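Only one structure is covered here, and it is reproduced in the block below.
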Amino acid sequence: MKTVYITGLNGSSGKIHIGHYLGFLKPFVEMQNSNKNDSLIGFVADLHGLTDPFNSIKGNSKNLLLSLIASGLDAKKTLIFNQSDVPSHTELMWVLTCQTSIGVLERMTQYKDKSKKFAMANGTSTIPCGIFLYPTLMASDILLYDAKYVIVGQDQTQHVELTRDIAEKFNKKYGETFVLPEAVITKGEEKKIYSLNNPGVKKMSKSEPEGCLWMLDSDEDIEKKIKKALTDNLNKVHFDPINQPGISNLMTIYKAISQKSYEEIEKKYESSPNYSFFKKDLIVLIQNLCKSYKEKYLIWSKKTKEIKKILSDNAAKASKTASKKVDLVYKKIGIR
């Protein structure tokens, strides 16, 4: 039996930033390209994009699918599909929701953080239920496919732990049904790239777009953002996240793209009188990385029929596996 690895790209935004790419998608693509025996699933989590009712998600699914392909995911090697095209995700989600307590969901860090923002803006009556129930949908995404390993960012590990707890509880109550999943976090500092405007404090995020380097940014935008990126007045290219968070954040991006060590980067710029020489080289590195990405994105954006076929074929494959799991669950709980 093949080991299943799964990952999903949240559909709340239609584009990805360099933090997504370097810390999340690039490692998954490398795994795909070296894979021989495992089963890989990479889907667009478009239903998760609905958790914020004030956010428009129109067109996001297509754009995110293009992002996955532009990043290097191959539909022949990785099962790529839209979450909403496989109804079993929401079917199982309801069963799992009924097996999960309010207290457990209230303890989720992301729920506490996001609900606080809504409450501060509009009062508790406007907190969307989707934010509260998000973890049980994520649990469904994972458990449907007997995924052993879930490729996630650090902020999603709590949800994977909850998924494991739900699966363990269900297995104990109804008999062996689900594989107990484990979170896999990408190695290296690139798993946590910070905002260009708020380094060391806030991760690069769509919620702070001015501090983001988007993979579809123009060369001019990349140059402008890197030149304005917050550093310090020490003018020493040195990796010290505590005392020099700004330049350290930029060095993390440099390291991830160039594959040079921090020591090699420091040595290269040790005689530079200021950060301009380092930033100039970093701008070129990022522009070249994004150029390759944008070229693939543009090519695939014109292959409408091929995209539709990939989605249709892969949704059928995913549904075949997922519906079997839902049938088993329904039998276990007594519906069938």
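The values are calculated or read from the model by the stated rules, or taken from the named source; none is laboratory data. Predicted model only: the values in this text are computed from it and were never measured. Note: ideal-geometry Cβ built from the backbone for every residue, glycine included; neighbour counts use all protein chains shown. Side chains included, ligands, DNA and RNA excluded: accessible areas come from the protein's heavy atoms. Shrake-Rupley method; radii C 1.70, N 1.55, O 1.52, S 1.80 Å.
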(message) Filter region 223-276 down to the residues that are among the hydrophobic types (A, V, I, L, M, F, W, C) and open to solvent by 20 Å² or more (accessible area, probe 1.4 Å) and list them by number.
(response) L230, L234, F239, I242, I257
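Of all residues in region 87-105, count the ones that are without any contact (Cβ under 8 Å) to a residue 12 or more places away in the chain, farther than 23 Å from T321 by Cβ and in contact with a helix residue (DSSP H, G or I) (Cβ under 9 Å, 6 or more places away or on another chain).
The qualifying residues number 1.
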(request) Return only the number of the condition from (1) under 28 Å from N171 (Cβ atoms); (2) at pLDDT below 90 that V95 does not satisfy. (result) (2)
(request) Considering only residues that are open to solvent by 50 Å² or more (accessible area, probe 1.4 Å) and either in contact with an Asp or Glu (Cβ under 9 Å, 6 or more places away or on another chain) or among the aliphatic types (A, V, I, L, M) (or both), look in region 27-56 and name the one that is farthest from S195 (Cα to Cα). (result) N33
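Would you call L213 within 26 Å of P87 (Cα to Cα) and either aromatic (F, W, Y) or open to solvent by less than 30 Å² (accessible area, probe 1.4 Å) (or both)? Spell out how you get there, then give the answer.
On the way: within 26 Å of P87 (Cα to Cα): no; either aromatic (F, W, Y) or open to solvent by less than 30 Å² (accessible area, probe 1.4 Å) (or both): yes.
Against the criterion (within 26 Å of P87 (Cα to Cα) and either aromatic (F, W, Y) or open to solvent by less than 30 Å² (accessible area, probe 1.4 Å) (or both)), L213 does not qualify.
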(request) Please specify each residue of region 57-74 satisfying the condition of being at pLDDT below 90 and open to solvent by 30 Å² or more (accessible area, probe 1.4 Å). (result) I57, K58, G59, S61, K62, N63
(request) May I ask you to list the residues in region 75-105 that are of a type in the set (A, V, I, L, M, F, W, C) and either outside any loop (DSSP other than H, G, I, E, B) or buried (at least 21 other Cβ atoms within 10 Å of the Cβ) (or both)? (result) L79, I80, F81, V86, L92, M93, W94, V95, L96, I102, V104, L105
(message) I want to confirm something. Restricting to region 200-216 and keeping residues that are assigned to a loop (DSSP other than H, G, I, E, B) and over 17 Å from Y254 (Cα atoms), which single residue is modelled with the lowest pLDDT?
(response) S207
(request) Starting from region 277-297, keep only residues that are of a type in the set (S, T, N, Q), then list their pairs with residues that are surrounded by fewer than 19 Cβ atoms within 10 Å (Cβ to Cβ) and part of a helix (DSSP H, G or I) whose Cβ atoms are within a distance under 6 Å, requiring at least 6 positions of separation or different chains. (result) Q287/D219
(request) Kindly check whether there is at least one residue in region 76-83 that is over 30 Å from R336 (Cα atoms) and free of Cβ contacts under 8 Å to residues at least 24 places away in the same chain. (result) yes
(request) Filter region 164-188 for residues that are in contact (Cβ under 8 Å) with a residue 60 or more places away in the chain and in a strand (DSSP E or B) and give the result. (result) V184
(request) Out of the residues in region 164-185 that are modelled with pLDDT of 95 or more and among the β-branched types (V, I, T), state the one that is farthest from the chain's Cα centre (by Cα). (result) T177
(message) Looking only at region 20-43, how many residues end up being at pLDDT 90 or above and closer than 25 Å to G130 by Cβ?
(response) 3
(request) Return a yes/no flag: does region 257-265 have any residue that is small (G, A, S) and either in contact (Cβ under 8 Å) with a residue 24 or more places away in the chain or assigned to a loop (DSSP other than H, G, I, E, B) (or both). (result) yes
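Here's the yes/no breakdown for (1) of a type in the set (V, I, T); (2) open to solvent by less than 60 Å² (accessible area, probe 1.4 Å); (3) under 30 Å from G14 (Cα atoms):
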{"position": "K279", "(1), (2), (3)": "no, yes, yes"}
{"position": "I286", "(1), (2), (3)": "yes, yes, yes"}
{"position": "L289", "(1), (2), (3)": "no, yes, yes"}
{"position": "Y293", "(1), (2), (3)": "no, yes, yes"}
{"position": "Y297", "(1), (2), (3)": "no, yes, yes"}
{"position": "K305", "(1), (2), (3)": "no, no, yes"}
(request) For region 259-277, name all the residues that are within 18 Å of K227 (Cβ to Cβ), of a type in the set (S, T, N, Q) and under 33 Å from the mean Cα position of the chain (by Cα). (result) S276
(message) So, in region 307-336, exactly how many residues are modelled with pLDDT under 95 and open to solvent by 90 Å² or more (accessible area, probe 1.4 Å)?
(response) 4
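Scan region 106-163 for residues that are of a type in the set (D, E, K, R), in contact with a strand residue (DSSP E or B) (Cβ under 8 Å, 6 or more places away or on another chain) and either at pLDDT below 90 or assigned to a helix (DSSP H, G or I) (or both) and report the count.
So the first thing to find is which residues in region 106-163 are of a type in the set (D, E, K, R), and the list is 106-107, 112-114, 116-117, 141, 146, 148, 155, 161.
Remaining after also requiring in contact with a strand residue (DSSP E or B) (Cβ under 8 Å, 6 or more places away or on another chain): 141, 146, 148, 155, 161.
This time we only want the ones that are either at pLDDT below 90 or assigned to a helix (DSSP H, G or I) (or both), so: 141, 155, 161.
So the answer is 3.
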